[in-house]
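Working notes, beginning with the structure itself.
The values are calculated or read from the model by the stated rules, or taken from the named source; none is laboratory data. All figures in this text were calculated on a predicted structure; none of them were measured in a lab. Note that we place each Cβ from the backbone using ideal geometry, even for glycine, and neighbour counts take in every protein chain shown. Side chains are part of the model used for accessible areas, which takes the heavy atoms of the whole protein and leaves out ligands, DNA and RNA. Shrake-Rupley method; radii C 1.70, N 1.55, O 1.52, S 1.80 Å.
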Amino acid sequence: MDWIEANGASLRYDLSGRGRETVVLLHEVGGCIESWNDALPAFQGRFRVLRHDQRGFGMSEKTRVITMDGIVADLTALLDALGITGPVHLAGCAMGAAIALAFAGRYPARVGRIVAASPATWANADPAAARKRIDATERGGVRAVELGSLAASYPEAMRALDRARFERFRQRWLGNDPEAMAAILRMSTGPAFALVIGCTHDGIRTPAMVEKVAAQIPGARYVDASSGHFMAVETPDLFVDLAIPFLTAGAAAG
């Protein structure tokens, strides 16, 4: 792990693996580098892997204003600072998936393939529910939205797979800065060649909602998966099983 100044923010990042191609793993709202720990070894076996704490989260610099343009600019600056100039693959869950799509929409030449599980975009959001969650977070902190948010995003069917994993996630999630959490929930998105995954146990971005996003992305492939909103945390093996064959297919074809 290390820190780097990128786009005016101090960002914690980790660059590992030895593959020819680079995959960037983008965490969810309230997540951090560690969100990818269980899925990481499989990616490291095939790729050079870049993870970072987005501004406002994990151990990166905290901020009260977060925009999609700013988050995309952070990633662009991070790639430039690390000398990663060629096309990269992007993989993300929830807001991380939305960020992947937004980055690809702005810089299509810098993107190879995308894996987007439960992309959290305003195109598939319930505005009233989102506003209520933002207000509750600002008033009462992250714990104020814990029960409702995690019941929808990490339901009992997923918790039962590995209760220790859920408890690690829950306690880490509660450590988030509520102002940064509220700020990132206000953000929005855009497209590229993508695998879009709808998760059948996701009560925040249901498969029907996610399929609408996939339909707006030229060349996108849509699949259902038996997982929840934070797929890389809840079912890391399943995420890897879907993501890596898709990301490596382009290299095989080339």
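Key figures for this structure:
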{"item": "Expected 222 nm ellipticity per residue - DSSP helices of 4 or more, -39500 (n - 2.57), all of the chain, to 500", "result": "-12500 deg cm²/dmol"}
{"item": "Farthest toward positive dipole pole in segment 81-182 [+1 Lys/Arg, -1 Asp/Glu at C-beta], among Q171, V111, G96", "result": "V111"}
{"item": "Antiparallel bridge percentage (DSSP; both residues within the chain; nearest 5)", "result": "30 percent"}
{"item": "Average accessible surface area per residue within the chain, 1.4 Å rolling probe, Å²", "result": "40 Å²"}
{"item": "Calculated FRET value between M59 and L174, using beta carbons and R₀ = 25 Å, to 0.05", "result": "0.95"}
{"item": "Relative packing of peptides 97-107, 57-67, 155-165 - highest average C-beta neighbours within 10 Å first", "result": "97-107, 57-67, 155-165"}
{"item": "For a label point 7 Å along the Cα-to-beta-carbon line of A164, residues of segment 37-72 with backbone N under 20 Å", "result": "37-42"}
{"item": "J(HN,Hα) series, segment 96-112, from Karplus relation 6.51 cos²θ - 1.76 cosθ + 1.60, nearest Hz, glycine and proline x", "result": "x, 5, 5, 5, 4, 5, 5, 4, 5, x, 8, 10, x, 6, 9, 10, x"}
{"item": "Largest to smallest principal axis extent of the C-alpha atoms in segment 1-119, angstrom", "result": "37, 30, 28"}
{"item": "Amide hydrogen neighbours beyond the local backbone of F47, cut-off 5 Å, H modeled", "result": "R18, G19"}
{"item": "Fraction of accessible area attributable to carbon and sulfur, segment 72-123 (%, probe 1.4 Å)", "result": "57 percent"}
{"item": "Space enclosed by the convex hull of the alpha-carbon atoms of segment 197-244, per residue, Å³", "result": "65 Å³"}
{"item": "Gain on full stretching of the segment that runs from A157 to Y107 - 0.36 nm per residue minus C-alpha separation", "result": "14.2 nm"}
{"item": "Potential lengthening between D126 and I84 on full extension [0.36 nm per residue; Cα-Cα distance subtracted]", "result": "11.5 nm"}
{"item": "Cβ-derived FRET efficiency at R0 25 Å, S16 paired with L147, nearest 0.05", "result": "0.10"}
